[in-house]
Amino acid sequence: MPGYPVAEYGYQLSEKEKMAVTKYAVEQGYRFVMPPSPETPIESVNSPERLAEARRIKAAGADVRIWTAGSYTQGMQNRMVGERPEWFARDEKGKIMQYGNSYPVYDLFNDGFRSWFTNIMIDAKNAGVRWVYRDMDGAAAGVRTTWGQTIR
């Protein structure tokens, strides 16, 4: 499958400048535009701001590509850890597993997590997002939790 060029822009641009970059990219044949999103937790993929930005890019004639955390969230302070602790993989002692001792790892087999994640992706798709890069999905590779026990 051929690669497609991706145009990106930074946070420092005004909305008018972002649209000028997007318009220019489309004129030059770029198929995808990727808004800035470093350290974007999954729950912000379908935030009103992110969806509005996706709609603006799509209206300009480009497909939208975004980056998000894959199977982890950005630290124990992330609200999802407090609101949905049952969605996270646990080690043999019942402690939430953390990639790199910093990033809590979601249990990809948890039905609640999968439903939540699927709905976020559907919202993004409906706003024009056509490609999602899920960073570090390998953090959860080989992890399966059942009844609070980790099985490898």
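The values are calculated or read from the model by the stated rules, or taken from the named source; none is laboratory data. Because the structure is predicted, anything quoted here is derived from the model rather than measured. Ideal geometry is used to build each Cβ from the backbone, glycine not excepted, and the neighbour counts take in all protein chains shown. The area values use the complete protein model at the heavy-atom level, side chains included, leaving out ligands, DNA and RNA. Shrake-Rupley method; radii C 1.70, N 1.55, O 1.52, S 1.80 Å.
Put +1 on the Cβ of every Lys and Arg and -1 on every Asp and Glu Cβ in the range 1-119; which of Phe113, Tyr4, Tyr103 then has its Cα farthest towards the positive end of the dipole? The listed residue farthest towards the positive side: Tyr4. Diffusion coefficient of the range 70-131 by Stokes-Einstein, Kirkwood radius over Cα pairs, 25 °C, 0.890 mPa s: 197 µm²/s. Estimated at 0.36 nm per residue, the fully extended path between Thr118 and Glu17 surpasses their Cα-Cα distance by 33.1 nm. Restricting attention to the chain, the count of lysine pairs at 8 or more positions apart or across chains with alpha carbons under 23 Å apart stands at 6. For the chain, the dipole from Cβ point charges (+1 on Lys and Arg, -1 on Asp and Glu) about the Cα centre works out to 240 debye, to the nearest 20. Within the accessible area of the range 63-113, what % is carbon and sulfur when the probe is 1.4 Å and the other protein chains stay in place? For the range 63-113, the apolar C and S fraction of the accessible surface comes to 47 percent. Pick the calculated P(r) over Cα pairs in 10 Å bins from 0, in percent for this structure from (1) 12, 41, 36, 11, 0; (2) 10, 31, 35, 19, 5, 0; (3) 11, 37, 28, 18, 6, 1? This structure yields the entry labelled (3). Once the Cα-Cα distance is subtracted from the 0.36 nm per residue extended length, the Phe109 to Arg84 segment shows a gain of 7.6 nm. Fully extending the segment from Ala59 to Met136, taken as 0.36 nm per residue of separation minus the present Cα-Cα distance, adds 24.7 nm. With θ taken as phi - 60° and the Karplus curve 6.51 cos²θ - 1.76 cosθ + 1.60 applied, the whole-hertz 3J(HN,Hα) list for the range 17-28 is 5, 4, 5, 5, 4, 4, 4, 4, 4, 4, 4, 8 Hz, x standing for glycine and proline. Summed over the residues of the range 1-102 and divided among them, the accessible surface reaches 56 Å² per residue at a probe radius of 1.4 Å. If you take the Cα centroid of the range 71-134 and the Cα centroid of the range 21-51, the two points sit 21 Å apart.
Remark on Arg90: its backbone amide H falls under 5 Å from those of Met97, a criterion applied only to residues 5 or more positions apart or on other chains, H modelled at 1.01 Å from N.
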